[in-house]
Amino acid sequence: MDPYSVIIKPQLSEKTMNQIYDENKITFVVHRSANKRVIKDAFQDLYETKVLSVNTHITPRGEKIASIELEEPEAAEDIAVRLGVF
């Protein structure tokens, strides 16, 4: 799958903003049929950083959310700045 079709958009809420600072995690809405391995590979291709783990869940609205924990300290903050979250 194309990395741009896997990762759709960042998921922004108060909880996800706290995860960026406290846990070095960044959260995205992803394609519903993408599994954790595909999400990890797509994220590493797009943002050129190592992924430690990927957790997913499906919301009641039917969106699939992926919480991606990064290896490098403060990498989530750097990516959020590049995306224009702040």
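Bear in mind that the values in this text are calculations on the coordinates, not laboratory data. This one's a predicted model, so the numbers in the text were calculated from it and none came from an experiment. Heads up, the Cβs are rebuilt from the backbone with ideal geometry, glycines too, and the neighbour counts pull from every protein chain shown.
Restricting region 10-33 to residues that are of a type in the set (Lys, Arg) and either surrounded by 16 or more Cβ atoms within 10 Å (Cβ to Cβ) or under 16 Å from residue 76 (Cβ atoms) (or both), which is farthest from the chain's Cα centre (by Cα)? Top of the filtered list is 15.
The single condition from (1) surrounded by 15 or more Cβ atoms within 10 Å (Cβ to Cβ); (2) touching a helix residue (DSSP H, G or I) at 6+ places or on another chain (Cβ under 7 Å) that residue 64 fails is (2).
For residue 76, state whether it is part of a loop (DSSP other than H, G, I, E, B), surrounded by 16 or more Cβ atoms within 10 Å (Cβ to Cβ) and not polar (S, T, N, Q). No: the conditions fail for residue 76. Here region 34-49 is the region considered, the condition is being touching a strand residue (DSSP E or B) at 6+ places or on another chain (Cβ under 7 Å) and charged (D, E, K, R), and the residue that is surrounded by the most Cβ atoms within 10 Å (Cβ to Cβ) is 40. Restricting region 50-61 to residues that are loosely packed, with under 15 Cβ neighbours inside 10 Å and among the hydrophobic types (A, V, I, L, M, F, W, C) leaves a set whose member that is nearest to residue 15 (Cα to Cα) is 58. Across region 50-62, not a single residue is classified as under 11 Å from residue 6 (Cα atoms) and without any contact (Cβ under 8 Å) to a residue 24 or more places away in the chain.
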